[in-house]
Amino acid sequence: MSDKLELDPLFNKIDELKPQFIERLRQAVAIPSVSSDESLRPKVVAMSEFLVKELKKLGFHDIQSRELGTQPPPVADPNLQLPPIILGRFGNDAKKKTVLVYGHYDVQPALLEDGWNTPPFELTHDKTKDILYGRGSTDDKGPVIGWLNVIEAHNELKWELPVNLVVCFEGMEESGSLGLEELIGREAKQYFNKVDTVCISDNYWLGTSKPVLTYGLRGCNYYQITVNGPGADLHSGIFGGIIAEPMTDLVKVMSQLVDSAGNILVPGVLDMVAPLTDKENALYTDIDFSVEELNAASGSNTALHQKKEDILKHRWRYPSLSLHGIEGAFYGAGAKTVIPAKVIGKFSIRTVPDIDSHKLDQLVFDYVNKKFAELKSPNTLKVELIHDGNYWVSNPFNEAFTAAAKATEHVWNIKPDFTREGGSIPITLTFEQQLKTDVLLLPMGRGDDGAHSINEKLDISNYINGCKTLGGYLHYYGRG
Ligand SMILES: NCC(=O)N[C@@H](Cc1c[nH]cn1)C(=O)O
Ligand SMILES: [Zn+2]
Ligand SMILES: [Zn+2]
């Protein structure tokens, strides 16, 4: 690579600080900041306090913990407070460019009995494989802590940061980023004034060996269907066969949302998808990926598509509908003979260009109501949107992507692939539109990290080289 920067002192310092960096991540993972579990909300707040403490120690200034008020419905506790958004600055030099770094400090739920090999909220270092296991290790505590590590390495070296850094860490990303869009709107010309670019490290390489830079995400519209029947849970021997069962209705309706080949059965959804052009079609051939890598990441041979190009298109540019669960249903071990009185089915649709989110909601509501009406059930059904988040596709030919490609090649000795991703980071488009800047997605973890799954992990090489990549990016972007 020509025009390589001299970053060895930084990279050596990051290597030297590895034990401290692992310890910082251990402390973060130990806080079960599950945003979707109302009973764990104090832990989400505790995680925000941990970050504030770390930012102060590292010398950030103008640190603010922005309260967002109560969480809007549907929510069990109407007084439930949203966790704060943490803002902070490092450097304020008018001659330097300003990079806004966004990440989230909340995590998905995790229980040992889900099948974890180690306690999910204890960062466990498997020394034979050099892997760190724990909820949030890759999504998104590893990368968030990674940014702090970069600052620590600069402080230790007494190196000036080549850019001004602004951090924005939220605690509701896994639950729809509630409150963040409004905050960005309010702060675009205030706290976020003069931001030149936004960098998000909250996604993953496509596979396990080649780094990527990401320029697209799918959106996510998350729905719930509530079916109400009898006044209380009932004995199926006494009431079975003589009352209408909510679970029977719900399962019937949910089974008509998607088929086993992954086809969405709600009419009109596919009609909104942008047509595939020859130019886009050609992009998929050059990406390094295989069905074997997909199978390895899913731990199975259950792929619906065998050709790399089809897998990538269905992950990146077509919508998908997933059924997630049923609240109120009996799910424990044993054979409880209960008829649940009220059940709430959860499903989501990953959205892509050019799906109109509100039109999608209407199509879903009309279809679910129609399917329920066909059952002629005396129960009641309500279908509603819990949260939605936009898809995002950008042009990766800009200064930020160029700098990130150089940093990635510098650290990993290989040019990164440019990829889109099937997951969602609801706030990406908002940053781009409100701040009128480019957004870069610069992942730290690998495609088999098991984000949202059991045994979530982060390879130490990805953690440490990821810190070097984030730091390197700031240098290549800063000198640009
Ligand atoms: N690492 C990004 C991520 O996991 N995002 C979530 C966002 C989301 C959307 N609805 C609920 N959570 C994802 O599931 O893609
Ligand atoms: Zn996530
Ligand atoms: Zn995430």
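In the chain, the calculated helix contribution to ellipticity at 222 nm averages -10500 deg cm²/dmol per residue, counting -39,500 (n - 2.57) for every DSSP H run with n ≥ 4.
Distances between placed amide hydrogens fall under 5 Å for Leu265 paired with Val258, Asp259, all partners being 5 or more residues away or on another chain. Counted without the sites themselves, the longest stretch of the chain free of trypsin sites (Lys or Arg not before Pro) in a DSSP loop having at most 14 other beta carbon atoms within 10 Å is 195-306.
Relative to the current alpha-carbon distance between Asp77 and His305, full extension at 0.36 nm per residue lengthens the span by 77.8 nm.
Among the GluC sites (Glu not before Pro) in the stretch 154-220, those placed in a DSSP loop whose Cβ has at most 16 other Cβ atoms within 10 Å are Glu160. Residue by residue, the stretch 109-125 carries 3J(HN,Hα) couplings of x, 7, 10, 3, 6, 5, x, 5, 7, 9, x, x, 9, 10, 5, 10, 8 Hz when phi is fed to the Karplus relation 6.51 cos²θ - 1.76 cosθ + 1.60 (θ = phi - 60°); x denotes Gly or Pro. A full extension of the chain between Met272 and Thr380 corresponds to an added length of 35.8 nm, given 0.36 nm per residue minus the alpha carbon distance. In terms of its alpha-carbon gyration tensor, the stretch 306-368 comes out oblate; a/c meets the 1.5 threshold, while b/c is at least as large as a/b. A Förster radius of 30 Å combined with the Cβ-Cβ distance from Lys18 to Leu111 puts the calculated FRET efficiency at roughly 0.50. Loop-resident GluC sites (Glu not before Pro) (DSSP state other than H, G, I, E or B) in the stretch 1-80 with no more than 13 further Cβ atoms inside 10 Å of their Cβ: Glu6, Glu67. 3J(HN,Hα) couplings calculated from phi for the stretch 446-456 with the Karplus curve 6.51 cos²θ - 1.76 cosθ + 1.60 (θ = phi - 60°) are, in sequence order, 9, x, 9, 6, x, 4, 6, 10, 7, 6, 4 Hz; Gly and Pro show x.
Other residues lying with their Cβ under 12 Å from the Cβ of Ile464 contribute a combined charge of -1, Lys and Arg counting +1, Asp and Glu -1.
Filter the chymotrypsin sites (Phe, Trp or Tyr not before Pro) in the stretch 127-159 to those in DSSP coil with at most 16 other Cβ atoms within 10 Å of their Cβ, and list the result. The qualifying sites are Trp159. In this rough spin-label picture, where each label sits 7 Å from Cα along the Cβ direction, the Asn228-Asp93 distance is 6.2 nm. Rounded if a/c is under 1.5, else prolate if a/b is larger than b/c, else oblate: which is the stretch 326-474, with a ≥ b ≥ c the root eigenvalues of its Cα gyration tensor? Oblate, because a/c is 1.5 or more while a/b does not exceed b/c.
Backbone geometry of the stretch 83-89 corresponds, through the Karplus equation with coefficients 6.51, -1.76 and 1.60 at θ = phi - 60°, to 3J(HN,Hα) couplings of x, x, 9, 9, 10, x, 10 Hz, x marking Gly and Pro.
Rule-based calculations on the coordinates, nothing more; no lab input. A quick note: this is a predicted structure, and the numbers were derived from the prediction, not measured. Reconstructed Cβ throughout: ideal geometry from the backbone, glycine too, with neighbour counts over all protein chains shown.
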